[in-house]
Amino acid sequence: MPTSPPGRREPVAGGVLVGVDLRGIQAFVFETRRLLDAVGRAEMVAELTTPEWLEEKLYRKRSVKPPTYTLEREHGGTLVVGFADHATAREFTGRYTRAVRERSDRLLPVVAHLAYGPDAPLRTLADALAALPRELSTARGRAVEHLPARGFGVTALCEVTGRPAEVVDQPPKGRGGADRPAERVARDIVDARRLGTRWHRDKRGAWLDAAARPDGWDGDLDLPTDVEELGRDVGDISRLAVIHLDFNGLGDRLARFLDGLPRDEVPAELRRVSADIHAVTAGLAEAIVRAVARAIKLTEDGQPVITGRGNGDPGLRPVVKRPKHGGSRTLLVPVRPLVVAGDDLSILCDARLAWSVTRFALDWLDGEPTDENDPRHRMANRGAPWARQVSDGPDLPPRTTGVPTAGVGIAVQPVGSSIAVGYDICAQLCERAKEHRKELGTEARKAGKADGLEDHVVAWSQTFNAPERVIADLNRAREDRDDTRAGRTALPMTGAEFRAFLDRYLSERPGALRGPGAAEQRSWVLSDLRTLLYDGEPLQPELERRKARGVAAELPPECSRGELLDAIDLLDVHLDVALAEVPVRSGEGA
């Protein structure tokens, strides 16, 4: 469709703003247990808001001349388009909602129309953009017109989702899956596999280049395409982690940022800052993949391993695919970005890497851009209200960055269980962490700190249960305290607390649970000490009893009940891996 040129332009006197918010994205993306299907579905959602898809599917495919429009926003399942009049806006809405319905009945577009101009209640485009979130929120609460389910009357079920099957998917020869039998599937599964395969091929080439290749590895390098390729070791832990990251306070900062601009500059600046935030999200996904890939080392016999500090075998062995009929081996990096959209990032990885990956993500967001091509560069150099202070060390002066802080939720689950449940758990943990940040921010403002809390927040759980029960258990553990004892958990933690927690309790420094001599008291820590802490009993009598017997009983200095219990729970799961930043190539995401 013909669009107005990007960037600053002359304000339009009047028109109609169309806002679309796609509901059901998470349920749609994680309906399948196959990684490549989930990646493809995330790409399907992203494609629904691209100018190329709008132009081709809505108009040119039907031999209709597209109207002129302005694209105001197109990230994270949200689409904001401006048209000259109501008739064109209504025609676009009909075409768009019908096209979304044809793609999948799992996605529900919520639509709002706002007229603006000299004779309308909203005088300018900037006024309409400011009012649109409230109008979309109202539209979400309206009853949706009933539509029949896709595949109605079909008795065959989709072998992936369990919904009615519409087509038969037979992988073509030469794609590596010709031996797989044909599957009866819903139509969107075939579309997702096509897009997922294309996305996978593009990102594999861009992210896993020579700079990310492990030293000495002469085979191919790839990302996992199945959950069975993550979190599995023979005779060891078979768990994976879903990590969800969402930036903090974007709505408030964006409102303050736009309020300080001339009204005619608001639309263009809104597009720029949305693109900059998406670039940071996509760059972080790429940085994590490249850092984990570089952390892979080769043993003396040429086997890949990720080494780190941890009890037991301190190594994680990534999956290596060996071809049946010759060819080079393929090493699979044990991490996989699933959703990279707007300010949301969802990652799947081996559970033992989850806390190291999270720490790396927080450090990368706080880090200084390497050059002007770094995806953090534009946000890092923004001033108020984006600017915040970060510290590179106790002896270094603080510096300023405009990259937002993030809320992070980590959910650990067994390999083979539903990714959808794991995602719901980590998303709600992320929300609970962000609520904790708001509470701390309110306390900071009461204490005279104008900006509140400018730090990341993290929460995690190893309980695989209904998401609301996981959050309820976390809240009960926090509240199990009195004047003499802390709660049974220190979660959620701020970014500073999270880093200090890993260093104080799970490093190899003296007094830590993995420090010198820790092996001698391991059984006591996992049994008697855990029981005493859980029951809220005082530790001093037990420590004196062990000292009198001449048995080691060394704990981190100034430790708390909640932090100790959190650390004991991670003792056999967390592998402390030093992930080093590898400069990203493009910052382009899904």
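Ordering 354-360, 244-250, 435-441 by mean Cβ neighbour count within 10 Å, with the highest value first, yields 354-360, 244-250, 435-441. Note down the net charge around G19, summing +1 for each Lys or Arg and -1 for each Asp or Glu among other residues with Cβ under 15 Å from its Cβ. Result for the neighbourhood of G19: +2.
Per residue, the solvent-accessible area of the chain (1.4 Å probe, heavy atoms of protein chains only, all protein chains present) comes to 46 Å².
Restricting the calculation to Cα atoms, the range 315-375 shows an Rg/Rh of 1.10 when the hydrodynamic-style radius is the Kirkwood one. Would any residue of the range 508-537 have its amide N under 13 Å from a label point 7 Å out along Cα→Cβ of V551? List them or say none. What the label zone holds, given the 13 Å backbone N cut-off, is 520-530. Return, ordered by residue number, the residues of the range 318-351 whose backbone nitrogen is under 12 Å from a label point located 7 Å along Cα→Cβ of T307. The answer is none. Rounded to the nearest 10 degrees, the inclination of helix 419-446 to the longest alpha-carbon principal axis of the chain is 80 degrees.
In whole Å, what three semi-axes, largest first, describe the equivalent ellipsoid of the range 307-463 built from its Cα gyration tensor (square root of 5 times each eigenvalue)? Write out the running numbers ahead of the final one.
Details: eigenvalues 230, 88, 48 Å².
Semi-axes, largest first: 34, 21, 16 Å.
May I ask what percent, to the nearest 5, of DSSP beta bridges between residues of the chain are antiparallel?
On the way: 57 of 67 bridges.
Beta bridges within the chain, antiparallel portion: roughly 85 percent.
Just from its helices, what would the mean residue ellipticity at 222 nm be for the chain, if runs of 4 or more DSSP H residues each count -39500 (n - 2.57) and the sum is divided by every residue, rounded to the nearest 500 deg cm²/dmol?
Working: 16 runs with 215 residues, N = 590.
Per the formula, -11500 deg cm²/dmol.
The C-alpha atoms of the chain define a longest principal axis, and helix 467-479 lies at about 50 degrees to it. For the range 397-441, averaging the sequence separation of C-alpha pairs within contact (under 8 Å, six or more residues apart) and dividing by the residue count gives a relative contact order of 42 percent. Relative to the longest principal axis of the Cα atoms of the chain, the long axis of helix 86-103 makes an angle of roughly 50 degrees.
Over the chain, what relative contact order in percent results from Cα pairs under 8 Å that are six or more residues apart? Intermediate results must be reported in sequence, preceding the final value.
Numbers: 1069 pairs, mean separation 92.1, N = 590.
In percent, rounded to a whole number, it is 16.
With the simple spin-label model, which puts each label point 7 Å out from Cα in the Cβ direction, the A472 to A268 separation comes to 5.4 nm.
The values are calculated or read from the model by the stated rules, or taken from the named source; none is laboratory data. These figures come from a predicted structure and were not determined experimentally. Glycine also receives a Cβ, built like all others from the backbone with ideal geometry; neighbour counts cover every protein chain displayed. Surface accessibility is based on the protein's heavy atoms, side chains included, excluding ligands, DNA and RNA. Shrake-Rupley method; radii C 1.70, N 1.55, O 1.52, S 1.80 Å.
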